[in-house]
Amino acid sequence: MRHQEEVLRKFCELGNHNNLGVYIEDYTGTTFDRPEWNKLTKYVSQNKKIVDLILLLRWDRFSRDLELALGEIRRFRNNFGVEINTMDNKIDYNLPEYPLMLAMYLGVSEVEKNKIVLRTKEGTRRALLDGYWTNRAPLGYRNCKLDDKHHSLEIDEEKSKLV
């Protein structure tokens, strides 16, 4: 995250953009109900006349849900007069092709998210079938490490009496 902030600050400095704030968030990109995004939205709504751009490094840092992202971009443009854009794949909203380009960049992010979800489910299923535990231990058990990659369960003698 520090890298992203550093690159964005340098971009603003070189492009003579006034940096009014930095919002750093480590939260899922599948929703816009995120703590820092909510703070940013509030700031933008209270400063409509001075904010005209929200700049991100890449589109996958903005959202991993195509429909939600397009709606949020439209909301910021229509309600606040604010453009959302990125350094890596800047969208020229004056071109008639801009919706296609946005759909492509944001769609790739959603596909990537879907693949990660699928691989995680497949890996969890495989681990469970192989006899490894992948979650927090239920009451009466505790997690134990078999090796660097594998975990299992063992009976917690104290808490197992409660079950």
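The values are calculated or read from the model by the stated rules, or taken from the named source; none is laboratory data. Here the structure is a predicted model, which means the values were calculated and not measured. Don't worry about glycine lacking a Cβ; one is built from the backbone with ideal geometry, like all the others, and counts go over all protein chains shown. In case anyone asks, the SASA skips ligands and DNA or RNA and just uses the protein heavy atoms, side chains included. Shrake-Rupley method; radii C 1.70, N 1.55, O 1.52, S 1.80 Å.
Things worth noting here:
- Residues (more than 24 Å from Thr41 (Cβ to Cβ) and small (Gly, Ala, Ser)) located in region 79-132: Gly123, Ala127, Gly131
- Test: residue in region 49-60 that is over 16 Å from Gly107 (Cα atoms) and charged (D, E, K, R): yes
- Filtering Glu25, Glu6 for residues that are open to solvent by 40 Å² or more (accessible area, probe 1.4 Å), within 16 Å of Arg61 (Cβ to Cβ), in contact with a helix residue (DSSP H, G or I) (Cβ under 6 Å, 6 or more places away or on another chain) and without any contact (Cβ under 8 Å) to a residue 24 or more places away in the chain leaves a single hit, Glu25.
- Among the residues of region 28-40, those that are open to solvent by less than 80 Å² (accessible area, probe 1.4 Å), touching a residue at least 12 places away in the same chain (Cβ under 8 Å) and touching a Phe, Trp or Tyr at 6+ places or on another chain (Cβ under 8 Å) comprise Gly29, Glu36, Trp37, Leu40.
Condition check ((1) over 26 Å from Leu100 (Cα atoms); (2) of a type in the set (Ser, Thr, Tyr); (3) at pLDDT below 90) across all residues:
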| residue | (1), (2), (3) |
| --- | --- |
| Glu25 | yes, no, yes |
| Gly29 | no, no, yes |
| Lys39 | yes, no, no |
| Gln46 | yes, no, no |
| Gly71 | no, no, no |
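- Hits in region 118-163 - residues which are surrounded by fewer than 12 Cβ atoms within 10 Å (Cβ to Cβ) and β-branched (Val, Ile, Thr): Thr120, Val163
- Residue check for Ile50: hydrophobic (A, V, I, L, M, F, W, C), without any contact (Cβ under 8 Å) to a residue 40 or more places away in the chain and surrounded by fewer than 11 Cβ atoms within 10 Å (Cβ to Cβ): yes
- Ser63 out of contact with any strand residue (DSSP E or B) (no Cβ under 7 Å at 6 or more places or on another chain), farther than 21 Å from Arg2 by Cα and among the hydroxyl-bearing types (Ser, Thr, Tyr): no
- Glu112 vs. criteria more than 30 Å from Ile91 (Cα to Cα), open to solvent by 60 Å² or more (accessible area, probe 1.4 Å), within 23 Å of the chain's Cα centre (by Cα) and not polar (S, T, N, Q): no
- The lone exception for Asn16 - which of (1) among the polar types (S, T, N, Q); (2) on the phi > 0 side of the Ramachandran plot; (3) in a helix (DSSP H, G or I) it fails: (3)
- Filtered residues of region 69-96 (kept if open to solvent by 80 Å² or more (accessible area, probe 1.4 Å) and either in contact with a Pro (Cβ under 7 Å, 6 or more places away or on another chain) or part of a helix (DSSP H, G or I) (or both)): Arg74, Arg75, Arg77, Asn78, Asn79
- No other residue among Lys10, Lys48 is more than 20 Å from the chain's Cα centre (by Cα), in a loop (DSSP other than H, G, I, E, B) and of a type outside the set (Asp, Glu) apart from Lys48.
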